[in-house]
Amino acid sequence: KPIRFIAPNLPGGPTDILARLIGQRLAETLGQPVVIENRAGAAGNIGTEAAAKSAPDGYTLVTGNNATFGANASLYKRLGFDPIRDFAPVVLVATQPNILVVHPSLPVASVKELVVFAKARPGQLNYSGSGMGAAAHLAAELFKSMTGTSIVHIPYKSAAPALTDLIAGETQLMFATSLSVMQHIKANRVRALGVTTAKRSRFLPDLPTIAEAGVPGFEASTWHGVLVPAGTPVAIVERLNVEINRMLQLADSRERLASMGAEIVGGSAKEFADHIQREIPKWAKVVKAIGVQLD
């Protein structure tokens, strides 16, 4: 029967594109049709819950990210699933770096200079956020907690208007996805100070990570992986891991992911499981510190 691949977000976004790319390759290598099912809502929780309640027979896959298998465990009062107990991780596919950018009028040229400038003006700077509890919001709050700065959050309904107001000078800084902000960095509409990933981005190799630029240990990337319901036979998990890792080495797959500003990861199912185990408590601390709770 067809394999159901749940993408718990709207069509056209990174999660959907990733699911379709992987689904197409799996259909070719496994010789079985793969049907992409978009189940959006509640920051990915609705589709992820549907996957958790599916039969663990290898015929249901789901994409997971830093929200559904990271911050949402603390952000939401009720998830409807346990990100650890109800799933078997298959592989961490890719990460998308966010970039700390500031308006050109801000007299800072590095992360260290921004920290010094902000500390001298507590509560006077503000940053654009793409929604309460969104990746950009949490990255900024993690930055504030690790640097001891007081910067005011200006929440927007989505990333697009948040970035528009930053470019217009209505706000002073933002953690923006590399894909959305790259053209504005090149046009000098915003100034890039650092990337949020553990390693430098190959798209901006001269831009330091925030960790090496003055905030040791800082990491707040957007990541995407594939999981199956807990109890899925180990042999099936291993086969999926092998096939997806193989797909990630193909030139056209790498090209497509690069067009999304994504860095390929791959690796073992255990490495992905360990990654999730680290993400949940890390974001729980940030969520607790800012006191956000969503229904």
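The values are calculated or read from the model by the stated rules, or taken from the named source; none is laboratory data. If you're wondering where the values come from, they're calculated on a predicted model, not measured in any experiment. In this analysis, Cβ positions are derived from the backbone assuming ideal geometry, glycine residues included, and neighbour counts consider all displayed protein chains. Calculation scope for accessible area: heavy atoms of the full protein, side chains included, ligands and nucleic acids excluded. Shrake-Rupley method; radii C 1.70, N 1.55, O 1.52, S 1.80 Å.
Taking segment 74-100 as the range and being within 17 Å of the chain's Cα centre (by Cα), aliphatic (A, V, I, L, M) and more than 30 Å from R246 (Cα to Cα) as the test, the residues that pass are L75, L100. For the list (1) touching a residue at least 60 places away in the same chain (Cβ under 8 Å); (2) open to solvent by 30 Å² or more (accessible area, probe 1.4 Å); (3) closer than 22 Å to L100 by Cα, I need the number of the one condition that E212 fails. Of the numbered conditions (1) touching a residue at least 60 places away in the same chain (Cβ under 8 Å); (2) open to solvent by 30 Å² or more (accessible area, probe 1.4 Å); (3) closer than 22 Å to L100 by Cα, the odd one out for E212 is (1).
Here R189 fulfils each of the conditions (1) at pLDDT below 95; (2) assigned to a loop (DSSP other than H, G, I, E, B); (3) of a type outside the set (V, I, T) apart from (1). Would you say R121 is closer than 20 Å to G261 by Cα, open to solvent by 20 Å² or more (accessible area, probe 1.4 Å) and of a type in the set (K, R)? Taking the combined requirement at face value, the residue does not satisfy it. In segment 165-177, which residue that is in a helix (DSSP H, G or I) and either in contact (Cβ under 8 Å) with a residue 60 or more places away in the chain or closer than 20 Å to T222 by Cβ (or both) is most open to solvent (accessible area, probe 1.4 Å)? Per the criteria, the residue is I167. The residue that is most open to solvent (accessible area, probe 1.4 Å), among those in segment 178-198 that are within 21 Å of the chain's Cα centre (by Cα) and either more than 21 Å from V115 (Cα to Cα) or among the acidic types (D, E) (or both), is Q183. Scanning segment 139-164 for residues that are among the hydroxyl-bearing types (S, T, Y) and farther than 30 Å from L257 by Cβ, which turns out most open to solvent (accessible area, probe 1.4 Å)? So the residue we want is S145.
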